[in-house]
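Q: Here it is, the structure in full.
Laboratory data are not the source of any read-out in this text; all were calculated from the coordinates shown. Remember, it's a predicted structure, so these values are computed and weren't measured experimentally. Cβ atoms come from the backbone with ideal geometry, glycine included; neighbour counts cover every protein chain shown.
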Amino acid sequence: MSLTDIPIQTIDGDPTSLAEFDGKVILVVNVASRCGLSPQYEKLENLQKTYGDRGFTVIGFPSNQFLQELSSTEAIKEYCSTTWGVTFPMMEKVRVNGRSQHPLYTELTKTPDAEGKAGKVKWNFEKFVITPTGEVHRFRPQVEPDAPEILQLIEASLPVA
């Protein structure tokens, strides 16, 4: 099964998959509202505004894996929209590690980071850039969404206008 075939659900409970974003550069990120890294939401939204019309999207996956996400879907939606003005797609709350790990993260975590380490998501705001060709690149939580290596990858992978 390819990444695009794995069933996911929107934050509103609608079934979908990454196939909906076929041909786009996708930045998948596990988010948490009460995390010290939550200001990254602002940079994620800036990426969405900058590249969204050019074949790019951020997709947020709330996770309480590290005990820093709000308990209800409504609270998460309100926090994201009122605090950060999030317009990018948000999915249902998922587990990114362990026995109940979401199948998408089972696949994504096979990808090594810049140091060649694959495996568990270390913390909130771990980023996976999926190119239109299906190539996956992994960036650990401390790497800011607008880091040069992420921006270069997005720009190099955008569809030619």
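Q: Looking at (1) crowded, with 19+ Cβ neighbours inside 10 Å; (2) of a type in the set (A, V, I, L, M, F, W, C); (3) outside any loop (DSSP other than H, G, I, E, B), which is the only condition residue 75 fails?
A: Residue 75 satisfies every listed condition except (1).
Q: Another question, then. If only one of 89, 62 is surrounded by fewer than 21 Cβ atoms within 10 Å (Cβ to Cβ), of a type outside the set (A, V, I, L, M, F, W, C) and out of contact with any Phe, Trp or Tyr (no Cβ under 7 Å at 6 or more places or on another chain), which one is it?
A: 89
Q: Can I ask one more? Check the stretch 113-122 and report whether any residue there is acidic (Asp, Glu), touching a Phe, Trp or Tyr at 6+ places or on another chain (Cβ under 8 Å) and surrounded by 18 or more Cβ atoms within 10 Å (Cβ to Cβ).
A: no
Q: Taking the stretch 124-139 as the search range and keeping residues that are out of contact with any Cys (no Cβ under 8 Å at 6 or more places or on another chain) and in a loop (DSSP other than H, G, I, E, B), which one is surrounded by the most Cβ atoms within 10 Å (Cβ to Cβ)?
A: 126
Q: Determine if the stretch 140-155 includes at least one residue that is under 19 Å from residue 2 (Cβ atoms), touching a Leu at 6+ places or on another chain (Cβ under 8 Å), part of a loop (DSSP other than H, G, I, E, B) and touching a residue at least 12 places away in the same chain (Cβ under 8 Å).
A: Checked against the condition, which is being under 19 Å from residue 2 (Cβ atoms), touching a Leu at 6+ places or on another chain (Cβ under 8 Å), part of a loop (DSSP other than H, G, I, E, B) and touching a residue at least 12 places away in the same chain (Cβ under 8 Å), the stretch 140-155 yields no hits at all.
Q: Those residues that are within 11 Å of residue 153 (Cβ to Cβ) and among the polar types (S, T, N, Q), I need them from the stretch 114-138; list them, please.
A: 131
Q: Filter the stretch 25-48 for residues that are part of a loop (DSSP other than H, G, I, E, B), out of contact with any Phe, Trp or Tyr (no Cβ under 6 Å at 6 or more places or on another chain) and of a type outside the set (A, V, I, L, M) and give the result.
A: 34, 35, 36, 38, 39
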